[in-house]
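Remarks on the structure that follows.
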C-alpha cells in the first residue's frame, strides 16, 4: 500500500473512531480517552511516564483542591510552569473547575510577569519554585510582597489574586513553609466537592472559554487571545486528520505548552488516537535526538530555528532515529535546503509545514504529508481538512482565507498580494478585555486580520510574503524582508538571515541583514551585499550585514525571532 493510500485509510479510521462528531470540553475529552485506554501512556518525561487514567485522576484531585480553595467558574487561573506532568495535570484541573487557564511563559522576568498577570487578573496562580537559573519565588516577592505569609489582602497590581500555589523544586519540601503547594492541593474523593465537580461538568459547554493565550510578542505587544474548548479540540482533530495519525502516535516536542503550537498540534492532537507526548522543558538538540531514540517517537514538532540545530547535531552524532517518520516544522519561514536536510539527515519521509497563529487555534493550513518539497518551499499549504469535525460551508475545512487591501480592506482576487484575513469556527472572537485591539483585528463578517502579507493561489494554497509590520520603505519603495531573506539563505555559507529596516537620513529606511553563518563558514559582509546586488533590485539590497549566532537571536517562547528587538539592536550597533 502506498503512503497516500495508507494516509487515506488512517483518516477513515479516525473519522470512524469519533463518529458522530461531538463537541466536548477538554476534560470531557480526557475522561473519554481515559475510560477506554486508562493504561495507555499519555505524558512521557525523562523522569516518569503517566497514563491517561492516572492523569485524569490527578487532574480531578487538583480540581477538588481548587474548588475547596474558592476558585469559581469563569475565573482565571495563571499557570507559570515548564513543560511536564505538573503543567498538563494542572491545565486539565483548571478546565474541570470551569475556570479559564492562562498559561504563561516561565521565562518571563518579574516586571514582564507582573504586566501580563495585571492584564489577565487571575484569581489563582500556580507556579514553580525554581527552574535552572530562574528563581520564581524571588519574582513573586517582588510582584506580591508577603504572598508566603498568608497575606490575602488584594494588592494594587493583582487585586483579584486570592490563591498562590507553588511546585516544590525536585519534589521535595517547599522552600517557603507558609506557601501552599501543588501536592497539598490534591484532594481525594469528598461528597460535597464531587457533587460540585459534577454540577460544574453538567453546566459546562464546549463553547465556554477554556484558555486565554497571550500572543508571543514578535511585535512587542502581547494580547490575550480568547479560546474555547471547541476551538481547541476541533483544531486538534483537524491536525490529527490532516497529518493522518496512526493509533498511538508518539509526538516529541520542547516547544512550550503555554503556546498553541505544542498544546494543540502536540498534546491535544495526540489524544484523538490515544497517543503519547514526549515533552521536554527546554530545547536541546542532543537531548531531543536522544529522546527520539529512547522513547521511539514517531513525530517531532520544531520551529525552523530548532530544525536547523537538530540537523546540525544529527550530522555529528549517531542515534537510532528509525522510529521517526514525521516532522512538522512551522511558525516561521525556513531556508529551502532545510527540507532536504530533514529528510536526508533525520530520515523522516513525511515532512509538513503549516500556518496559523494563537488567534486561529494553531495551524489552519498544512502542506500535504509526503507531498513535494516545492510545496514546503513555496507555500504554507492548503486549509486543513477536518473530516467529521469540518465545516460544511468551508468544504470540510475549519478556516478560510482571502487577501485584502491593507488600507481599504477591500477584497483582492486570488494571486494578488495583500494582508491575509481568516474566518471559521476555530478563529478567535477577540482579546480579553482589550476592546480596541479586538476592533482593530476583527473586520466585518468576522474576518480576522492576521498582520501577515501574502496571497491565495488559484489552487487554494497560501503563500506568505512577509509580516505587515516587518515591511519597510526604502527611498519610497516597499521592501518585503522575506524576499531578501530567501535570497540570502540560498547561499550555502548562510544558515539563517533576518532583515529589518533601520533609519537612514537619505533613504528614510534601509535594510540591515542579521546573518547566522553556516557551520565553519565565514561570509564577508561586503561580498554578501555584492551578491544581493546581483540578485535583487537596488532598493531591496541591504545596506548593512551584521553577523550573529543562533543562540544570540532574540526569540519568543514559541521560537519565533523577535524582529523588533533585532531592529533595536541594529540601530544601537550602527549608531556612531
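Residue 162 meets each of the listed conditions (1) at pLDDT below 90; (2) surrounded by fewer than 17 Cβ atoms within 10 Å (Cβ to Cβ) apart from (1). Looking across the stretch 359-379, just one residue is touching a strand residue (DSSP E or B) at 6+ places or on another chain (Cβ under 7 Å), surrounded by fewer than 24 Cβ atoms within 10 Å (Cβ to Cβ) and under 28 Å from residue 23 (Cβ atoms), and that is 369. Entry remark, the stretch 233-260: residues being under 25 Å from residue 434 (Cα atoms) and touching a strand residue (DSSP E or B) at 6+ places or on another chain (Cβ under 6 Å) number 3 in total.
Residue under question is residue 28, and the condition is that it be in contact (Cβ under 8 Å) with a residue 24 or more places away in the chain, in a loop (DSSP other than H, G, I, E, B) and assigned by TED's automatic domain parsing to the domain that holds residue 197; does it hold? The answer is no for residue 28.
When residues in the stretch 98-114 are screened for being assigned to a helix (DSSP H, G or I) and touching a residue at least 60 places away in the same chain (Cβ under 8 Å), 0 of them pass.
Checked against (1) touching a helix residue (DSSP H, G or I) at 6+ places or on another chain (Cβ under 6 Å); (2) closer than 18 Å to residue 333 by Cα; (3) at pLDDT 90 or above, residue 541 passes all but condition (2).
Residue-level check: of (1) surrounded by 23 or more Cβ atoms within 10 Å (Cβ to Cβ); (2) free of Cβ contacts under 8 Å to residues at least 40 places away in the same chain; (3) part of a helix (DSSP H, G or I), residue 311 misses just (1). Tally time: how many residues in the stretch 31-48 are within 22 Å of residue 82 (Cα to Cα) and in contact (Cβ under 8 Å) with a residue 60 or more places away in the chain? Adding up the residues that qualify gives 6. Residue check: is residue 463 touching a residue at least 12 places away in the same chain (Cβ under 8 Å) and in a strand (DSSP E or B)? So residue 463 passes the test. Filtering the stretch 403-425 to residues that are in a loop (DSSP other than H, G, I, E, B) and at pLDDT 95 or above leaves 410, 413, 414, 415, 416, 424, 425.
Let's see how each residue does on (1) outside the structural domain of residue 548 (by TED's automatic domain parsing); (2) touching a strand residue (DSSP E or B) at 6+ places or on another chain (Cβ under 6 Å):
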{"position": "414", "(1), (2)": "yes, yes"}
{"position": "423", "(1), (2)": "yes, yes"}
{"position": "431", "(1), (2)": "yes, yes"}
{"position": "439", "(1), (2)": "yes, no"}
{"position": "474", "(1), (2)": "no, yes"}
{"position": "496", "(1), (2)": "no, yes"}
{"position": "501", "(1), (2)": "no, yes"}
{"position": "507", "(1), (2)": "no, yes"}
{"position": "510", "(1), (2)": "no, yes"}
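Only a single criterion out of (1) within 25 Å of residue 61 (Cα to Cα); (2) modelled with pLDDT of 90 or more; (3) over 23 Å from the mean Cα position of the chain (by Cα) is not satisfied by residue 141, namely (1). Of 318, 337, 296, all but one fail to be touching a strand residue (DSSP E or B) at 6+ places or on another chain (Cβ under 9 Å), surrounded by fewer than 20 Cβ atoms within 10 Å (Cβ to Cβ) and outside the structural domain of residue 490 (by TED's automatic domain parsing); the exception is 296.
One line per residue, one yes/no per condition, for (1) within 23 Å of the chain's Cα centre (by Cα); (2) farther than 30 Å from residue 296 by Cα; (3) crowded, with 18+ Cβ neighbours inside 10 Å:
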{"position": "33", "(1), (2), (3)": "no, no, yes"}
{"position": "44", "(1), (2), (3)": "yes, no, yes"}
{"position": "48", "(1), (2), (3)": "no, no, no"}
{"position": "72", "(1), (2), (3)": "no, yes, no"}
{"position": "85", "(1), (2), (3)": "yes, no, yes"}
{"position": "95", "(1), (2), (3)": "yes, yes, yes"}
{"position": "101", "(1), (2), (3)": "yes, yes, yes"}
{"position": "104", "(1), (2), (3)": "yes, no, yes"}
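Within the stretch 474-518, the set of residues being modelled with pLDDT of 85 or more, more than 23 Å from residue 378 (Cβ to Cβ) and in contact with a helix residue (DSSP H, G or I) (Cβ under 6 Å, 6 or more places away or on another chain) comprises 500, 502, 512, 514. Being modelled with pLDDT of 90 or more and surrounded by fewer than 20 Cβ atoms within 10 Å (Cβ to Cβ) is a property that holds for residue 449.
Screening 291, 354 for residues that are in contact (Cβ under 8 Å) with a residue 12 or more places away in the chain and either in the same structural domain as residue 483 (by TED's automatic domain parsing) or closer than 28 Å to residue 494 by Cα (or both) leaves exactly one candidate, 354. Quick check on residue 72: is it in the same structural domain as residue 198 (by TED's automatic domain parsing) and either in contact (Cβ under 8 Å) with a residue 12 or more places away in the chain or part of a loop (DSSP other than H, G, I, E, B) (or both)? Answer is yes for this residue.
For the stretch 274-290, the candidate set comprises residues that are more than 16 Å from residue 50 (Cβ to Cβ) and surrounded by 22 or more Cβ atoms within 10 Å (Cβ to Cβ); within that set, the residue that is nearest to the chain's Cα centre (by Cα) is 288.
The values are calculated or read from the model by the stated rules, or taken from the named source; none is laboratory data. Since the model is a prediction, treat every value here as computed from it, not as a measurement. Backbone-built Cβ (ideal geometry, glycine too); neighbour counts: all protein chains shown.
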